[in-house]
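Structure first, then comments.
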Amino acid sequence: MSERVREILSWYGSANPGTLTNLSRLLNHGRLAGTGKLVILPVDQGWEHGPARSFAVNPAGYDPRYHFELALEAGCNAYAAPLGFLEAGAREYAGRLPLILKMNNRDSLRNEKDPHQARTGSVQDALRLGCAAIGFTIYPGSSERLEMYEQIRAAAEEAKRHGLAVVIWSYPRGSDLDGKAETAIDVCGYAAQIAAQLGAHIIKVKLPTSHIAQDAARKVYEKEKIPIETIADRVKHVVQCAFAGRRIVIFSGGAASSDDQLLEEIRGIHNGGGFGSIIGRNSFQRKKDDAVKLLQRVMDIYAGRGA
Amino acid sequence: MSERVREILSWYGSANPGTLTNLSRLLNHGRLAGTGKLVILPVDQGWEHGPARSFAVNPAGYDPRYHFELALEAGCNAYAAPLGFLEAGAREYAGRLPLILKMNNRDSLRNEKDPHQARTGSVQDALRLGCAAIGFTIYPGSSERLEMYEQIRAAAEEAKRHGLAVVIWSYPRGSDLDGKAETAIDVCGYAAQIAAQLGAHIIKVKLPTSHIAQDAARKVYEKEKIPIETIADRVKHVVQCAFAGRRIVIFSGGAASSDDQLLEEIRGIHNGGGFGSIIGRNSFQRKKDDAVKLLQRVMDIYAGRGA
Amino acid sequence: MSERVREILSWYGSANPGTLTNLSRLLNHGRLAGTGKLVILPVDQGWEHGPARSFAVNPAGYDPRYHFELALEAGCNAYAAPLGFLEAGAREYAGRLPLILKMNNRDSLRNEKDPHQARTGSVQDALRLGCAAIGFTIYPGSSERLEMYEQIRAAAEEAKRHGLAVVIWSYPRGSDLDGKAETAIDVCGYAAQIAAQLGAHIIKVKLPTSHIAQDAARKVYEKEKIPIETIADRVKHVVQCAFAGRRIVIFSGGAASSDDQLLEEIRGIHNGGGFGSIIGRNSFQRKKDDAVKLLQRVMDIYAGRGA
Amino acid sequence: MSERVREILSWYGSANPGTLTNLSRLLNHGRLAGTGKLVILPVDQGWEHGPARSFAVNPAGYDPRYHFELALEAGCNAYAAPLGFLEAGAREYAGRLPLILKMNNRDSLRNEKDPHQARTGSVQDALRLGCAAIGFTIYPGSSERLEMYEQIRAAAEEAKRHGLAVVIWSYPRGSDLDGKAETAIDVCGYAAQIAAQLGAHIIKVKLPTSHIAQDAARKVYEKEKIPIETIADRVKHVVQCAFAGRRIVIFSGGAASSDDQLLEEIRGIHNGGGFGSIIGRNSFQRKKDDAVKLLQRVMDIYAGRGA
Amino acid sequence: MSERVREILSWYGSANPGTLTNLSRLLNHGRLAGTGKLVILPVDQGWEHGPARSFAVNPAGYDPRYHFELALEAGCNAYAAPLGFLEAGAREYAGRLPLILKMNNRDSLRNEKDPHQARTGSVQDALRLGCAAIGFTIYPGSSERLEMYEQIRAAAEEAKRHGLAVVIWSYPRGSDLDGKAETAIDVCGYAAQIAAQLGAHIIKVKLPTSHIAQDAARKVYEKEKIPIETIADRVKHVVQCAFAGRRIVIFSGGAASSDDQLLEEIRGIHNGGGFGSIIGRNSFQRKKDDAVKLLQRVMDIYAGRGA
C-alpha cells in the first residue's frame, strides 16, 4: 500500500477496519490505484433524467452491463449506480471492480422546488451485492434537507457498523437558492462541510464558480481575501472546507461544453488538491472507445502525467 | 472529589451512577476541575453558519484536530461538536478530554422563520466515540418545538439508560419571537425552565438582556420587582428558573464586541451564580495563543481568581 | 379499605389488579384517604406559563422539592408534574406520596389557536420514578385533537399493561371554540365523555359555566330541561357525562378571585357529587402555611366536615 | 417516613426511585410499618409440598383468598405467593397489602438431589398484578445453581428497570450438602452473601445452626473466633455477611416444634439485628385467630414490645 | 497523556474511541496513572470463597464501601467486583475511580472438577453503574470452557459496541489439569494466548511456575531453550504469548506467604515486563493502613521507584 493511501486512511480514526478495508478497495483499484486519487463512474441518470435523455445518444448504455464494462476498461476506481443497475450486473462482474450502491434517488417526472429523494436501496442490498460503499444524495437548502440528513445519518450508522464506506453527494438546491447559487463557491464549500459533519468518508460536490450567494458569507470572503478566482483556488477552498483536506472530496464535471474545457477543469481540480472526479454523462454518453480515452486522459492528469 | 462537585451530583437523584460518573468527568476535567464551574468549547458553527464564516478568520480551525488541541491547551471542561468533527479526532484524542456529541444540527442555507434541526448523531455514536454526554438544541417558540421536545425526550431516555449525561441548548426562536425577544430575560428564564423540565442535566441558554418580551410576564416581573438590571441579576434569575439552582446552567457568550466586554459579562455570570460558559466563536476565531489566554482569563474569573 | 374506595374500584372491571392497586394508592393517601375524594397538587405551570409567572409570587416554588413538601404537608392524594420536576425529587421523596407523571406538555412562547402538546415523558419514566399514574392532556376542539387522542391511546395501553393508572386532563380548546365555549357546560360534559371513552381512569375537566356553546346541544339541554343553573347542577351533569358517575371526575379550580369564592366552588363540586379538585396556582402561589390551610379547608369540605 | 426506613433506603444507591418506592411500600405496611422490620407471609407450600400436606390441617387455606385475609388481619408487611394464588385474589385485595410474586417454583413429585426451579411468573405478571417485588429462589450448592443465578440476574435486571424490588430466597441445597449443611452457619452466611452479590434488595435465608459444614470455613471461624453460639450471634453474623448489614435479611422459621420455641427464635433474630421473618407453615397451618395471635406476638418482638 | 499510554492505546487498532477512552481511564487513574502499569483491587472472594473466609480476618471488608475506600486510598487504577458490591457503592463513589463489573461468578458450595461460572451481571449493568470495563473469567481446561468462550465472546461484542473495555481472567482449571498444571508456564502462556485471541483488552493470569504440564509443549520449551527459570523469565514469556506484548497482561499475586515474598514476585513481574497486578486477598485481608502501605510499595516497584 502506498504511503499516500496509508496517509489518507489515517484520517479516518473512528472508522472500523472493515470500513478502512473498503476505502482502500476504492483507493487501490484501477489506473489511479495507490495515488490517492479517484475517478468514479456514476450512472443514475436513467433515473434522474429518464432513459432516453440518458442513453439514446449511445444506446449501448441502456444495457446495465455496459457501464460495468466501461468502468473496467477505463480503469475507474469504482462504479456507482442505483439498485436495479447493480443487481443487473453484480454477479457477472463480481470481484472485478468496487461498487457503490446509490441508496437514494429521484426522478424528474415531477420537479419540486424543494426536492427530496427516495431511499431505493439498503445497507443489506449493498452487502449482498458486494459493494464497497453506499452513496447518498442530500440537498442542503431544500426544505426537505433536515429529513434527508436524518436519513443518511441512520443509513451511515448502519453502513459503518457493517464495515462499508459512506459517500455523500452534497448538492445544494431548494426554493431559496437560484441556479447560480447552487454552484456558488460559498454554497459548495458549505455543502462539503455539511457532508463531512454528517460523517461521510467521501464527499462529492459540484465544481464551484466564483459567485458568492450568501450575503453573510460574502463579507467574510472579501474581508479574509479568500482566493476564489481560478478553479484551483476554489477547489483548494472546498477541500479546506472538508476538514482541512482530511476528507476525500471529489467533483462532478459540471457544465463543460467540450472535452478541452472538461480537461481544463480537471487540471484545476488536480492543481487545487482535489481528490478526483465523478464523471457520468461525459463518459457514458459517447462511444465506449471515446469514453475510455477521455477518462484515461482525465486519470493521467490526476496521476500527474497529464499537465 | 470536591465538596462542591459532590453537592452538585446530589441534585441528580434520579440519574443512575453511570450518568453521575459522566457528569463528574465533565466537572473534574481541566482548569476548573472540582470548582463546580464549566467552560465548554463548542464547535458546531461550521454546520450552523458555514465553514468560511466560521474558520476563515483563523484557518487552523478548518482542521478538526485543532479544536481538540484548543480545548486541551486552554483546559476546558469539555469539547462539544457534531458527529463528523468528533469522528475526525476521537481516536487520536481518546481519553484526553470529555466529549459531548452535538446530536442535532441545522445549516443556514435555508432560514426558516420557525426553525428545526436534524438529528445527525445517535446515542450509539456517543458511546462508540467515548462521549460523556449528548447535546441537543431545542427552539422554544418555533412551530417545530413540540417535535423537538419529543426528539430530545426519546434521545435523553436512551442516553440516561446508557449512563450518559444530557445537555440541552435551549434557544428561543420562531415566528412569534423577534430578535429582541430571543434574549429577553423572561424568555431566557422560560427556556431554562423548559430544558430543566425536559430532564436536562446541563442547560445552556443565551445571556439575557433586561428586555421583557411577553406581556403576561412583564406584569409579574414588575409586580414582584424581580431584579433584572445587571447581568448578575439576570443570571441569578435564570439560574433560579432552572429549579432554584439545582440544575447546571451555563451561558453562551452573546454579542460581546470586545474582550473586555466579554470578561465583564463573565464576571456578571460568575457573580450571579451561573455555572459557566460555552464559548465558541470567541475562542476558535482567533489565534490559538490568544484564545488560550482569553479562555484562561475566563476560567480565572470562574475560579474566583479573576475579579 | 373503605367501602367507598372498594365501590369505586369496582367500576374499573377491565383494569388489571396492578392498575387497581395504583388507583387505590391515589385514593388511600393523605387527608382524604378512604373517602373516595381526591385533591391533587399539579405543578406544570412552570412549563405552561413560564417560571416567573408561576413561581415569582412565592419563590420557594422554584425549587422542585418545595412541591413534594407542600403536597405532603397539606395531605394531598398525589402530586402531578412533568419529568424534570419529578426527577428532581423522586429519590428524596420515594415512597412518601403518590406521583403522577404529566407525560405531555406545552409552553406558551408560542400560542397556536389549535394547540397541541409534546410527549415529554414515557411510561418507562413513570415506572422508574415510582409513579402511580400517567397524566395526559387532550384538547378536544383543536385541529390536533385526533393525533392527541391517538397518542394518549397508545400511552394508556402501555401504562395499563404495566399496572399504572391513567389520568386525562380534558381541556376543550381550538380555533372553533371561543374562550366562553371552553368552559361551557355542554363542552365540558363532552370533554368528560371523550376522556372516559378514551379509557381514562381519572378525568380532569374545568369547572363549567352555564353557557351552552353548541347549537345542537342547546336544543337538547333546553328540551330535556337539564338543570345547569348552579355549580352543583353542572358538576352533577358532568359527572353523569362520565359514565353516570362510574369514572372519577375531578375539577380544576378555575379563576376564583378569592378564597371564599374558591371554597364556594368546592362546595358546589362536593354537592354535585364531584370527586375532588386539582389545585395548582391557588396552592403553590402563596406561602406554604397559607396553602396548607387552604388545601385543608378544601379537603374538609370534601370530607364532609366543611359545609 | 421514619428515620429508620429512610436510613435503610439510603443503602440502595443504585436502585431507581421506583424500586425505592416499592421497598418503602414493603417497609411501611402493616403492624411493623416504619420500624425497618418485616414479617412476610409466604404461601408456596401448595406447590412445594402438595396441597394436602399444606392445607388439610387447616382447610381454609385451600382457598387463595384466605391467605390475603390472614396477612391483612395479622398486619404482615407483605404476602408472597406463586402466580396462581396471586391471580386468584389480586383484584379483590388490590391496594390492600403489598404483594410479592414468587417467580420460580418446584414441586416434590420428583426430588432431585440437585434441585432446580421453574420460572412460573414474569416481571410483566408482577406489574399487571400490582406487586411490589418479585421473589426468586436459588439453591447454592446445587449443580443447577449457575443456571439459577443467570435466571434471577435476568429477571432482576428487568424488575429493577421497571421499578420493582427483588427478593431472593437463598436456600443451600445439593448433592454435596447434607441436611445438616443446609443450615450450617457458614453455609447460611455464604448463601446471604451470594444473594447480596446477585443484587437482591431483600434476602431470605434459613435460621442457621452452629454447625460448620465446610472445612475451609471452619478454620476461619475458629481462628477468628467468630461467635456462633447463640441464635443472636449467628443472626448477627449472617447479617454481617450481607454487606455488613446494608441489605435487608429476613429469616424463615426453621424447625421450631412449639410456639415458645418459635418466639425464642424470633427474639434471637431480633437481638441479632435480623430484619424480620418469613413465616409460612407456622401461620397458615393453624386456625386464623391463632395464626393472627402468633404473628402479632412475633411482630411485637420485632417492634421491641415483646422481649 | 503520557507517551507510554499513547503507545499502549495504539495496539488496540480495532477498538473504537469509546473503548480507548475507557482503557485510558484505567491507565490514567491512581498512583500509577500514566506509567502504563496497573494495580487493580478485585473483590469477588466473598462470592468465590464465602464471606467469612474472605472478610472475617478484617471485618471492615464485609462493608461494600470499604473496598471503594481502600482502592481510592491506595491509589489503585481500578476496583473490580460483582454486581452486588458495585451496586452498593456506585452512587456514593460515582466518578471517583474506574470500576470493572465482574460479570460472571461462581461459589464454592459445590466444587466441580470442571468448573463453570454464572453470568451475574450484564453490559447494561456496567453502563448504568458507570463502569469502564467488564471482567469475565474463563477456565481453559474445563469441559465447560467452550461455552464460557462463547459467553465472553457475546458479552465482549456488546461491551465493545458500547465503548467498554474487556478484561478476561484466564485461569486454567479442569479435570485434566492437576493443581500443579494450573500454574505451569506452558499452561499460563497458553491461557494468555486464548484470552488475547478472544479479543480481551486486558488479560489476567496467574503468576506461573517453571513447571511444564503438557508433554507436547515441553519438547518445544526444551528444544527452543525458552528461558523460564526466574519469575522475570516466565513473565516475559507470558507477555510474549499475549501478542508479543501488545496486550496488557497483569498477574494475580499467587500464594505468597509473606510480604517480602510478594514484593519479590512483583519485582519479577516488573522486570519481566508485566503490566501489573491484581491483588485481592493480600490487600483487603489486613488492616486498611497496612493494605495501603503494601499496595503502595507494590506500586512503587511498578513505577520504577521500588527496586
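Read-outs throughout are calculated quantities, based only on the coordinates presented, and are distinct from any laboratory measurement. Everything numeric in this text was worked out from a predicted model, so none of it was measured. Note that we place each Cβ from the backbone using ideal geometry, even for glycine, and neighbour counts take in every protein chain shown.
Amide H to amide H, with H built 1.01 Å from N, D:Ser143 comes under 5 Å of D:Ser175, counting only residues 5 or more places away or on other chains.
Rounded to the nearest Å, what's the spacing between the alpha carbon centres of the stretch D:1-28 and the stretch E:40-70? Just the number, please. So the separation of the two Cα centres works out to 25 Å. Positive-end ranking of B:Leu72, A:Gly50, E:Ala181 along the dipole of the protein assembly as shown, with charges on Cβ about the Cα centre, is headed by E:Ala181. Over chain D, Cα pairs under 8 Å with separation of 6+ residues give a relative contact order of 18 percent.
Each other copy places its own label point for B:Asp215 at 3.1, 3.2, 9.2, 10.0 nm from this one, sorted shortest first, where the point lies 7 Å along the Cα-to-beta carbon line.
In nanometres and ascending order, the distances from the B:Asn271 label point to those of the other copies are 5.9, 5.9, 6.6, 6.8 (point 7 Å from Cα along Cα→Cβ). Counting only Cβ charges, +1 for Lys and Arg and -1 for Asp and Glu, the dipole size of the stretch D:148-215 around its Cα centre is about 320 debye. Over the stretch A:163-237, calculate the relative contact order: mean separation of alpha carbon pairs under 8 Å at least 6 apart, over the residue count, as a percent. Reported as a whole number, the value is 33 percent. Taking the fewest neighbouring Cβ atoms within 10 Å as the starting point, the ordered list for B:Leu32, C:Leu83 is B:Leu32, C:Leu83. Comparing Cα centroids, the stretch B:94-108 and the stretch B:236-307 end up 20 angstrom apart.
Excluding same-chain neighbours fewer than eight residues apart, the lysines reachable from B:Lys225 by a Cα-Cα span under 18 Å are B:Lys236, C:Lys287.
Legend: helices of chain A (whole DSSP H runs) are marked when their alpha-carbon atoms reach 20 angstrom or more along the helix axis and their mean Kyte-Doolittle hydropathy is at least -0.5; marked are A:288-302. Result for chain C in a Gaussian network model with C-alpha springs under 10 Å: among C:Ala165, C:Ala213, C:Ala74, the largest mean-square fluctuation is at C:Ala213. When E:Asp125, E:Asp215 are arranged by Cβ crowding within 10 Å, least crowded first, meaning fewest neighbours, the order is E:Asp215, E:Asp125.
Would you please name the GluC sites (Glu not before Pro) within the stretch E:151-185 that are DSSP coil residues with at most 13 other C-beta atoms within 10 Å of their C-beta? Filter output for the stretch E:151-185: empty list. Here the Karplus relation 6.51 cos²θ - 1.76 cosθ + 1.60, evaluated at θ = phi - 60°, turns the backbone of the stretch D:101-118 into coupling constants of 7, 6, 7, 10, 7, 8, 9, 10, 6, 9, 10, 5, 5, 10, x, 9, 10, 9 Hz, with x for every Gly and Pro. In order along the stretch B:125-140, the phi-based Karplus estimate (6.51 cos²θ - 1.76 cosθ + 1.60, θ = phi - 60°) of 3J(HN,Hα) comes to 4, 4, 5, 5, 8, x, 6, 8, 7, 9, x, 8, 9, 10, 10, x Hz; Gly and Pro are listed as x. When the C-alpha to C-alpha distance is required to be over 18 Å, the pairs from E:Lys37/E:Lys204; A:Lys206/A:Lys288; D:Lys37/D:Lys204; B:Lys160/D:Lys160; C:Lys37/C:Lys204 that qualify are A:Lys206/A:Lys288.
What does the C-alpha gyration tensor say about the overall shape of the protein assembly as shown? Classify as rounded when a/c is under 1.5, otherwise prolate if a/b is larger than b/c, or oblate. Cα axes put the protein assembly as shown in the oblate bin.
Among rounded, prolate and oblate, which fits the stretch E:36-155 when a ≥ b ≥ c are the square roots of the eigenvalues of its C-alpha gyration tensor, a/c under 1.5 means rounded, and a/b larger than b/c means prolate? Taking the square roots of the gyration eigenvalues as a ≥ b ≥ c, the stretch E:36-155 is oblate. With a ≥ b ≥ c the root eigenvalues of the C-alpha gyration tensor of chain A, is it rounded (a/c under 1.5), prolate (a/b larger than b/c) or oblate? Cα axes put chain A in the rounded bin. Label-to-label distances for E:Asp300 across copies, nearest first, come out at 4.0, 6.4, 7.5, 7.5 nm, using points 7 Å from Cα in the beta-carbon direction. Remark on B:Lys204: its backbone amide H falls under 5 Å from those of B:Ile168, B:Trp169, B:Ser170, B:Ile250, a criterion applied only to residues 5 or more positions apart or on other chains, H modelled at 1.01 Å from N.
Fewest neighbouring Cβ atoms within 10 Å first, the residues E:Met1, D:Met299, E:Met103 line up as E:Met1, D:Met299, E:Met103.
Residue and whole-Å distance for the chain C Cβ lying nearest the axis of the C-onto-A rotation are C:Glu147, 10.
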